[in-house]
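Presented below is the structure to which this report refers.
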Amino acid sequence: MNEAPAPPPRQRIRFLPAAPGAGGAPGLVPAWVPVLAEHPLVRGPRFTKLKVGAGHRLDVKASGVFVLGVGHGNKLLTDRYHCHLTKVYTVGGLFGKATEDFSDTGKLVEKATFDHITREKLERILAVIQGTNHKALLMHSNIDMKTQEAYELAVNGLIRPMGKSPPIITAIRCLQFALPEFQLEIHCVHETQQYLRKIVHEIGLELKSCAVCTQVRRIRDGVFTLDDALLRTQWNLQSIRNAISDCQLKVRAELEKTLGHQDKSVHKMAAEMAHAADS
């Protein structure tokens, strides 16, 4: 931010000596001069600290979309938290071995055969997992499923736990299967990356084998996708400002869609978002 062009310094009126008049006495004339207190060599860097908040975190073994709030945008992180938004991950797995921490880099504790595993068997296990989690989702949504409200939420895809709950998988499917490797796409709320690694381990056990997790990558966090993410080489002021501007309408629509049926304070949130983008 300090590398961006600085605004011109403020001007103020000073009375400066003028050339002597006809009587020989010097006079004073008003003139606009810059305020020297705002000169970079006097003031120093304009910005010495910046408040940055983290959204849904990623552990050291995971990668992907990681949402940050900058300045006034930190207030929106709380609003997103109360939305209980769905996150989407691609999770890689490897059949045939088990480790202490369920990852492929952990201490090996077991090996097992996996030739008997087929894609059909894997997908049956995934269907069971999704069905079990769907029941938990309905239980923690605190909604009477016989009401009109429940119908409208279901149509709009807004049935989700509206308070604290255990991790819940809302959808899971197999993307790739080539023994001993496989890749899953998991939609979930209130999860941790370690929980997803444990899911891979439990899938291996259900298939009379064992499995470790080789990759956890978040590809969507609410409305933010990989297309919205900035690479390390793009961490500069202009790219960050463009990202905030591009995502502003998407975030506003998501907050209105999710919180609109609960609280009419969305307009206040939208005003905060506009202020955050301008900051």
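The values are calculated or read from the model by the stated rules, or taken from the named source; none is laboratory data. These numbers come from a predicted model, not from an experiment. Reconstructed Cβ throughout: ideal geometry from the backbone, glycine too, with neighbour counts over all protein chains shown. Just so you know, the surface numbers come from the protein's heavy atoms only, side chains and all, with ligands and any DNA or RNA stripped out. Shrake-Rupley method; radii C 1.70, N 1.55, O 1.52, S 1.80 Å.
Would you pick out the residues in segment 204-242 that are more than 30 Å from A4 (Cα to Cα) and modelled with pLDDT under 90?
G222 - this is the single residue of segment 204-242 that is more than 30 Å from A4 (Cα to Cα) and modelled with pLDDT under 90.
Kindly indicate whether any position in segment 42-58 is in contact (Cβ under 8 Å) with a residue 40 or more places away in the chain, touching a Ser or Thr at 6+ places or on another chain (Cβ under 7 Å) and either open to solvent by 90 Å² or more (accessible area, probe 1.4 Å) or charged (D, E, K, R) (or both).
Within segment 42-58 (the criterion being in contact (Cβ under 8 Å) with a residue 40 or more places away in the chain, touching a Ser or Thr at 6+ places or on another chain (Cβ under 7 Å) and either open to solvent by 90 Å² or more (accessible area, probe 1.4 Å) or charged (D, E, K, R) (or both)), the answer is no, since none of the residues qualifies.
Can you tell which of L138, L108, L77 is farther than 14 Å from I203 by Cβ and either in contact with a Phe, Trp or Tyr (Cβ under 6 Å, 6 or more places away or on another chain) or at pLDDT 90 or above (or both)?
Exactly one residue qualifies, and that residue is L108.
Looking at the structure I just gave you, is L41 within 30 Å of P167 (Cβ to Cβ) and of a type in the set (A, V, I, L, M)?
Spelling it out, it is not the case that L41 is within 30 Å of P167 (Cβ to Cβ) and of a type in the set (A, V, I, L, M).
Of these, T86, T78, T132, T48, which one is over 21 Å from P161 (Cβ atoms) and of a type in the set (S, T, N, Q)?
T48
Just to be sure, is D101 of a type outside the set (V, I, T), closer than 24 Å to E185 by Cβ, in contact (Cβ under 8 Å) with a residue 12 or more places away in the chain and open to solvent by 30 Å² or more (accessible area, probe 1.4 Å)?
Answer is yes for this residue.
Going through segment 141-172 one residue at a time, which ones are within 17 Å of H84 (Cα to Cα), modelled with pLDDT of 80 or more and not charged (D, E, K, R)?
Selection gives S165, P166, P167, I168, I169, T170, A171.
For segment 78-98, which residues satisfy the criterion of being surrounded by fewer than 16 Cβ atoms within 10 Å (Cβ to Cβ) and of a type outside the set (S, T, N, Q)? Full working, then the answer.
Start the filter on segment 78-98 by keeping residues that are surrounded by fewer than 16 Cβ atoms within 10 Å (Cβ to Cβ), which leaves 78, 81-82.
Of everything in segment 78-98, those that are surrounded by fewer than 16 Cβ atoms within 10 Å (Cβ to Cβ) and of a type outside the set (S, T, N, Q) turn out to be Y81, H82.
Restricting segment 245-254 to residues that are open to solvent by less than 60 Å² (accessible area, probe 1.4 Å) and closer than 21 Å to I219 by Cβ, which is modelled with the highest pLDDT?
Out of the qualifying residues, it is C247.
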